[in-house]
Amino acid sequence: MYTQSFNVQDAASLKSVPQTPSHEDPEFQARFDRKIDADSKIEPQDWMPEAYRKTLVRQISQHAHSEIVGMLPEGNWISRAPSLKRKAILIAKVQDEGGHGLYLYSAAETLGTSRDQMLEGLHSGKAKYSSIFNYPTLNWADVGVVGWLVDGAAIMNQIPLCRCSYGPYARAMIRVCKEESFHQRQGYEALLVMMQGTAEQKAMVQDAVNRFWWKCLAMFGPPDSDSPHSAQGMRWGIKRISNDDLRQKFVDATVPQAKVLGVTLPDPELKWNDERQHYDYGSIDWDEFWATVNGNGPCNKERLATRVKAHNDGQWVRDAALAYARKQQIAARKEAA
Ligand code: FAQ
């Protein structure tokens, strides 16, 4: 459904953002800039400006946290899935999200930050994760809508990241996008089935769409004019398409899907604009978005508490794995002696 090709043209202005003056070695900086300008990949062993490293750790770790916290709203429904088939699909999807978190933590670790440090950021509330996971999933239709719209928005944002300038992140994103594509389709298919059901089932789907639509548009981040990291992220080839442009692509792709499904997107201002060749849409409630990002959404406290508990409950597994590794090391040393 989401077929943005990997070689989509970058906006003409991307490389025109002035370069940050470097206080680090000018020769290394020049080599790094040449690589970025040539669209080559930066690898872990390469020299990179500290600000580039810091930006990547921030974005990749927040992305990893989003995948891990994102397991919770759907995980809540595994025991209540309406059939064995839906349960098996949902278990696989939630497991995939956990896997995405692990690839991403590993990619971020190549930048010299440990997983413990990243998790400490999440558990202490210092690090962000996607706003969308601070809303509740109230009924089974929400699970379908998370697949269709949340995974749909996630793919739209992540396909350009497959061409990110940092090699380990770009490579992780290729696999993640393939899996997210399956997630999006399974959600859409589950909703298609519900929309052929009873009036009550159809109303559940519409209600779920009403509650999730605007939150999904906000997932792409603040408007470009209010996005402090965008210009530099684009200059470095981390971001390839701006928050607003991705949001527009998502709206344009989703309107026809909503028509096929038979639901109404809850925006009276949603209208095709012939001149722009895009859909116009209404205003996003940015105050609500920032309140949620800053810890005051409906489920922030619950999500964080669940994550911290899961981490603490898993301590014995980490201890056992370390003890086993130590035993193996001792045995190997004895054999070598
Ligand atoms: N929620 O200047 P910008 C998924 C923050 S994965 C919370 O525009 P940037 C899979 C931003 O961090 C979903 N915070 O920042 C799944 C920054 O704060 P900081 C996650 C947000 O980095 C599906 C500040 O606002 N995807 O869904 C949000 O250039 C189903 C200023 O913003 C990724 O993380 C938000 N929505 O652009 C799992 C993709 N938006 O750090 C389970 C990778 C912005 O200064 C079930 N990340 N902020 O404190 C990105 O592409 C970018 O980081 C953006 C933000 C586009 C999210």
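The values are calculated or read from the model by the stated rules, or taken from the named source; none is laboratory data. If you're wondering where the values come from, they're calculated on a predicted model, not measured in any experiment. Glycine gets a Cβ as well: all are built from the backbone with ideal geometry, and neighbour counts include every protein chain shown. Side chains are part of the model used for accessible areas, which takes the heavy atoms of the whole protein and leaves out ligands, DNA and RNA. Shrake-Rupley method; radii C 1.70, N 1.55, O 1.52, S 1.80 Å.
Taking Cβ atoms as reference points and 11 Å as the exclusive limit, the residues near Pro168 contribute a net charge of 0, counting Lys and Arg as +1 and Asp and Glu as -1. Charge tally around Ala208: other residues with Cβ under 12 Å, Lys/Arg +1 each, Asp/Glu -1 each, net +1.
Site pair Gln95 and Lys54 shows an inter-label distance of 4.1 nm when each label is modelled 7 Å from Cα along Cα→Cβ. Only one residue of Gly197, Gly75, Cys162 has its Cα farthest out toward the positive end of the dipole of the chain, where Lys and Arg carry +1 and Asp and Glu -1 on Cβ, and that residue is Gly75. Among the listed pairs Lys93/Lys309; Lys271/Lys301; Lys35/Lys239; Lys202/Lys309, a Cα-Cα separation exceeding 26 Å is found for Lys271/Lys301; Lys202/Lys309.
Checked against a 18 Å cut-off, the cross-linked pairs Lys215/Lys249; Lys87/Lys215; Lys54/Lys215 give Cα-Cα distances beyond that limit for Lys87/Lys215; Lys54/Lys215.
Placing dummy labels 7 Å off each Cα toward the beta-carbon, the span from Glu200 to Asp116 is 5.3 nm.
Only Lys, Arg, Asp and Glu carry charge here, each on its Cβ (+1 for the first two, -1 for the last two); on that basis the chain has a dipole of about 1200 debye about its Cα centre.
Taking Cα pairs under 8 Å and at least six residues apart, what relative contact order does the stretch 223-337 come out at, in percent? Dividing the mean separation by the residue count of the stretch 223-337 yields 11 percent. Dividing the summed helix terms, -39500 (n - 2.57) for each DSSP H run of n ≥ 4, by the number of residues in the chain produces a 222 nm estimate of -19500 deg cm²/dmol to the nearest 500.
Backbone amide hydrogens, once placed in the peptide plane, bring Ile42 within less than 5 Å of Tyr166, Gly167, excluding anything fewer than 5 places away on its chain. The value of relative contact order for the stretch 131-226, using C-alpha pairs under 8 Å at least six residues apart, is 40 percent.
In the chain, Cα pairs under 8 Å separated by at least six residues give a relative contact order of 20 percent. For the peptides 165-178, 91-104, 28-41, the ranking by packing is 165-178, 91-104, 28-41, with the highest mean count of neighbouring Cβ atoms within 10 Å listed first. Judged by the ratio a/c of the largest to the smallest principal axis of the C-alpha gyration tensor, the chain counts as oblate, that ratio being 1.5 or greater while a/b is no larger than b/c. Ligands, DNA and RNA left out, the 1.4 Å accessible surface of the stretch 280-333 is 58% carbon and sulfur atoms.
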